[in-house]
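Reading through the structure tokens given below for one structure.
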Amino acid sequence: MADPSSYRPSPGQIPDSPGVYKFRDEHRRVIYVGKAKNLRQRVANYFQDLAGLHPRTRSMVTTAASVEWTVVSTEVEALQLEYTWIKEFDPRFNVKYRDDKSYPYLAVTLNEEFPRVQVMRGAKKKGVRYFGPYGHAWAIRETVDLMLRVFPVRTCSAGVFKNAARTGRPCLLGYIDKCSAPCVGRVTPEEHRELAEDFCDFMAGRTGTYIRRLEKDMTQAAEEMEYERAARLRDDAGALKRAMEKSAVVLADATDADLIAVAEDELEAALQIFHVRGGRVRGQRGWVTDKVEAVDTAGLVEHALQQLYGEERGDAVPKEVLVPALPEDTEAVSQWLAERRGSQVSLRIPQRGDKKDLMATVQRNAQQALGLHKTKRASDLTTRSRALEEIAEALGLDTAPLRIECYDISHLQGDDVVASMVVFEDGLARKSEYRRFQIKGFEGQDDVRSMHEVIGRRFKRYLQEKERTGEWEQAPQTTGGTPETGEALPGATSAPTGPAPADPALTAPALAGPAATGPVPAPALPAASPADEIDPREDDGRPKRFAYPPQLVVVDGGQPQVAAAQRALDELGIDDIAVCGLAKRLEEVWLPDDDDPVVLPRSSEGLYLLQRVRDEAHRFAITYQRAKRAKRIRSSPLDDVAGLGETRKQALIKHFGSVKKLRQATIEEICEVPGIGRRTAESVAAALASAAPAAPAVNTATGEIMEEDDGGTS
């Protein structure tokens, strides 16, 4: 690891002009290329205190061994030179989108004497008109087959064309009038080129002219009683319309635009691009990239624009480019695009109307592409195995953690504090093992104390289950535990053999109070409260609920949360379960009693798995917290009446008009409600009498106390 101060240039050496800079490693390989309006300010930012740098930037500057720069006259030149160098050097710390060579295009080889229509992949060639890209080659062939009725352009290879010219016989398409057969001289080179140019005009969106011309000729032929010709022209117009229907109208004003959307997380980003020509979606493609440099959405958009238009000219660059975020130097990027097109290009964020709606569709496609990429990556057995091995190596574990449990705390400003436990086995989510907790030991916001309580409660249940199955030896009465209290000293903590059971219950039963907060010299297993008792119906010899221990506990948080989790395990005498935390801000892995975090490489499959586990725990916790908050808001004193269902509650509210009026009613008046007997009426009256009425509502404009006369809760 290099010290950046060893190659830091003096401030006076760096010019304050626009330019492009390169970082090289000790082998003189270019590892990063960047551009700047002011080279002095930008390059100096890389040589500040390492602790203040983003982890990806810190990794880059410590890998580099030298920096050099090139001065240019304008920001536009800097943008072009940056793109050129990224293509030339392929630096490892620059964002690189997967090349789109796999996407098929509809190509017309206007650089040949007899232009040919074909499916083409790979790098674009000069003198060839491209349309697309398309998702599948068969979609191109279907479109071409429909259009050859009207534009019978050559589609055969050079070998077939030469053979037909030598024998004087055209191929099958020439006989069925889907090729003008220039190989045998049915049309001149000029006439065939005109057909090819008309084909290109139609594909470029200028469709109305040709359809109107065909319909006019059809009408004229019918008037002249040339019915066969009229029928053929009718079929030609229908074929063109069907070809147009394959790309639906999305923008009514016949706009030519490219729409770019980005979906991203901490490690990866997915881009989707819709190419709209003549108001119709003519092509779509997408890329996925690892975020190997510190880059935001605007930076990802700028890289995408370079990738899309770096080698394009003319109409290949549209009049309008719609993006989710504008690049840092919007003016320079717009000017660069205009130079490549040869006319003005609008680069903006859609704010309203059809274009904003279409951008939302592109964004959904990007989100789905990122999700699909992650699913494929997670489902690969080799990748999962490598991820588990990397985690074991980074955390110093003896074996790969085949079962990982992750915990997260969720609340809203200290209210409705809950926790989640998610389980990953062999790198895959085991949703039947997920559990949810309510924090019961205290009220308020304290994530560290909450984490201690949850870990303690979970592993108390683990010890209770092991004692029930006989895997714990009962402690002698002379040294602590007694049968009367149910206490026992913990012994070995080896995991039971066999696979973890599938448990359909997703919500953990209410658990006992908080774990002890201080260390005890001889930790004892506390007696199970009634809420913690094991259901005897589950006694079928299989591990239940919390009986199967993990090899690794992951907590969502940094050093304080990790310390709390480790303390809870220590208090229970469990010493063979590893603990770590994943801090979201910098994606650092924290271990107990370590002052410095473990920093995994950004491309590490182990870090990717830990991030997925953490994000799943966060999702599960916040979903539960929101549901709990919504239930509390909708709560009513009638909820506590045993045997009173939703139908009869609604009948009571409907009869009296509000809970306040129901509270003032006598038992006899309550009995008048259909379906309410005297015992139920007494229960309702008692519940309402014991429940404190809600604070009166106040009109904030007048200060007037408002009477409760609706059917709301109290």
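Loop-located trypsin sites (Lys or Arg not before Pro) in segment 168-244 (DSSP state other than H, G, I, E, B) with a sparse environment of at most 15 neighbouring Cβ atoms within 10 Å: Arg186, Arg206.
Label sites at Ser343 and Glu112, each approximated as a point 7 angstrom past Cα along Cα to Cβ, lie 3.0 nm apart.
Heavy-atom accessible surface of Arg612, to the nearest 10 Å², is about 60 Å², with a 1.4 Å probe and all protein chains retained.
Where the alpha-carbon atoms of segment 356-441 are placed on the principal axes, they occupy 51, 42, 25 Å, in descending order. Of the accessible area of segment 551-613, computed with a 1.4 Å probe over protein heavy atoms only, carbon and sulfur atoms account for 47 percent.
Among 327-338, 593-604, how do they line up by average Cβ neighbours within 10 Å per residue, starting with the highest?
Working: 327-338: 19.2, 593-604: 14.4.
Ranking the peptides 327-338, 593-604 by packing returns 327-338, 593-604.
A Förster radius of 51 Å, combined with the Cβ-Cβ distance separating Lys37 from Thr382, puts the computed FRET efficiency at roughly 0.70.
For the pair Asn45 and Asp415 in one chain, pulling the backbone fully straight at 0.36 nm per residue adds 129.0 nm over the alpha carbon distance.
Spin-label pair Arg619-Thr330: with each label point 7 Å from Cα along the Cα-Cβ axis, the two points sit 3.3 nm from one another. Residues whose amide H falls under 5 Å from that of Glu320, counting only those 5 or more places apart or on a different chain, are Asp258, Ser346, with hydrogens built in the peptide plane.
Using 0.36 nm per residue and subtracting the Cα-Cα separation, the extra length available between Gln367 and Glu682 on full extension is 107.9 nm.
When the Cα centres of segment 165-179 and segment 386-453 are compared, how far apart do they sit, in Å? Cα centroid to Cα centroid, the span is 70 Å.
Relative contact order for segment 386-425 using alpha-carbon pairs under 8 Å, separation at least 6, rounded to a whole percent? Write down the numbers at each step before the final one.
Working: 43 pairs, mean separation 13.3, N = 40.
Normalised by residue count, the contact order of segment 386-425 is 33 percent.
Between Ala630 and Lys125, the distance separating the two model label sites (each 7 Å from Cα on the Cα→Cβ line) works out to 5.8 nm.
The values are calculated or read from the model by the stated rules, or taken from the named source; none is laboratory data. These figures come from a predicted structure and were not determined experimentally. A quick note on method: Cβ atoms are made from the backbone with ideal geometry, for glycine too, and the neighbour counts reach across all protein chains shown. These accessible areas exclude ligands, DNA and RNA; they are computed on the full protein's heavy atoms, side chains included. Shrake-Rupley method; radii C 1.70, N 1.55, O 1.52, S 1.80 Å.
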